[in-house]
1. Can you give me the % of accessible surface on region 253-333 that is carbon or sulfur? Probe 1.4 Å, all protein chains present, nothing else counted.
2. Highest mean first, how do 258-264, 38-44 rank when packing is the count of other Cβ atoms within 10 Å averaged over residues?
3. Using a 1.4 angstrom probe on heavy atoms only, work out the carbon and sulfur share of the accessible area of region 1-125 in %.
4. In whole Hz, what ³J(HN,Hα) sequence does region 193-210 give by Karplus (6.51, -1.76, 1.60; θ = phi - 60°), x for Gly and Pro?
5. With θ set to phi - 60° and the Karplus curve 6.51 cos²θ - 1.76 cosθ + 1.60, what are the ³J(HN,Hα) couplings of region 111-121 in order, to the nearest whole Hz, using x for Gly and Pro?
6. So what does His191 come to for accessible area, using a 1.4 Å probe and Å² rounded to 10?
7. Can you give the longest run of the chain that contains no chymotrypsin sites (Phe, Trp or Tyr not before Pro) sitting in a DSSP loop with at most 15 other Cβ atoms inside 10 Å?
8. As I understand it, the dipole of region 121-224 uses +1 on the Cβ of Lys and Arg and -1 on the Cβ of Asp and Glu, about the Cα centre. Which of Cys196, Gly123, Leu152 lies farthest toward its positive end?
Amino acid sequence: MKAMVLNRTCNLKEERQPLTLQEMPHPKPGVGEILVRVSACGVCHTELDEIEGRAPPPRFPVIPGHQVVGQVVEAGDQARRYPIGARVGIAWIHSACGRCEYCLTGLENLCIEFRATGRDTHGGYAQYLTVPENFAYDIPEIFSDAQAAPLLCAGAIGYRSLRLSSLQNGQKLGLTGFGASAHLVLKMVKHRFPDCRVYVFARSEKEREFGLELGATWAGDTDQAPPERLNCIIDTTPVWKPVVAALKVLTPGGRLVINAIRKEEFDKDQLLTLDYPQHLWMEKEIKSVANVARRDVAEFLTLAAQIPFIPEVQAFSLKDANMALLELKERKIRGAKVLMVD
Ligand SMILES: [Zn+2]
Ligand SMILES: [Zn+2]
């Protein structure tokens with residue numbers, strides 16, 4: 001089968017073709033697994049982290065891609081959940097052990113055997129991939145394959161970060177950083193918690209305007225003080241300055257949720273400006289978001305169909321994956337980028 005393959009980590013400033021179109025062995029579904037013929041696969045920032053070595057794959061070659069929509073074409077032994085021909089989605093969580101204390105309590109995202117699609121196993125930048133049937137999702141009919149793909153990552157993780165924020169209707173929520181996941185969170189909040197006021201913190205004027213357009217009460221720069229203190233803030237930035245700024249404007253007992261797979265090192269000295277009484281005292285909390293559990297993906301897909309939330313997509317063919325990745329890196333964003341596979 002054809003796939004876009006990553007053979008080593010590299011610096012995207014120098015290497016403009018990080019993936020190569022290669023013939024790869026046709027995968028076979030194992031026990032409890034399904035074989036899926038890919039029709040669409042979303043392109044995510046995490047792929048940039050994998051390629052540039054911030055979240056490197058443990059083995060090469062690897063096929064990236066973790067927002068996959070396709071059709072079940074074969075079922076392995078003991079796999080009975082989906083009929084042949086069923087449309088399914090596959091997300092970042094590819095599998096977990098199923099036996100540990102985390103797996104048994106719905107926290108399989110924290111399992112020590114957590115494996116990520118497109119990093120620890122081959123992903124969806126390909127014609128086919130396999131996944132345990134219990135780690136696949138029904139896709140609501142309202143979405144086309146291309147529209148469903150980007151919901152499987154940014155949407156699901158945004159949903160998890162909102163869940164972990166413990167936001168209640170009527171409270172005040174801050175969003176620091178306003179990319180794909182944050183703007184989905186704003187839409188979810190408007191639907192589920194109509195009496196909440198949402199404050200957007202972003203460096204770019206364009207992102208702030210976009211936040212206001214989507215119904216934010218206020219938008220300001222990352223370190224600007226909002227007109228009132230906030231119960232929860234979700235941080236989706238890759239840096240430290242917004243963390244310190246956010247802690248300062250939380251209410252007593254407020255919670256900061258950091259939704260980032262890695263933070264960059266260059267502005268870590270910002271943490272030295274932490275002042276305990278201002279930033280942490282009064283029972284303020286910090287929590288990070290790690291991966292997604294299956295519940296987040298399934299619940300978010302249902303919610304997205306109800307809202308309804310139909311993402312804008314920009315389609316590329318599989319062989320143009322490098323172009324899609326470079327545009328993402330250079331922030332040329334006109335809708336979520338999706339590879340169409342035939
Ligand atoms: Zn486990
Ligand atoms: Zn992703």
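The values are calculated or read from the model by the stated rules, or taken from the named source; none is laboratory data. These numbers were taken from a predicted model, which means no experiment stands behind them. When we count neighbours, we look across all protein chains shown, and the Cβ atoms used for this are built from the backbone with ideal geometry, even at glycine. Ligands, DNA and RNA are stripped out before the accessible areas are found, and what is left, the full protein with its side chains, is counted by its heavy atoms. Shrake-Rupley method; radii C 1.70, N 1.55, O 1.52, S 1.80 Å.
1. 54 percent
2. On the way: 258-264: 17.3, 38-44: 27.3.
Sorting 258-264, 38-44 by mean packing, highest first, produces 38-44, 258-264.
3. So the carbon and sulfur contribution to the accessible surface is 51 percent.
4. The phi angles translate into 10, x, 8, 7, 9, 10, 10, 9, 10, 8, 6, 8, 4, 4, 5, 5, 4, 4 Hz.
5. Computed from phi, the couplings for region 111-121 are 4, 5, 9, 3, 10, 9, 4, x, 10, 8, 9 Hz.
6. My reading of the accessible area for His191 is about 80 Å².
7. The segment 1-265 is the longest one with no such site.
8. My answer, from the dipole projection, is Cys196.
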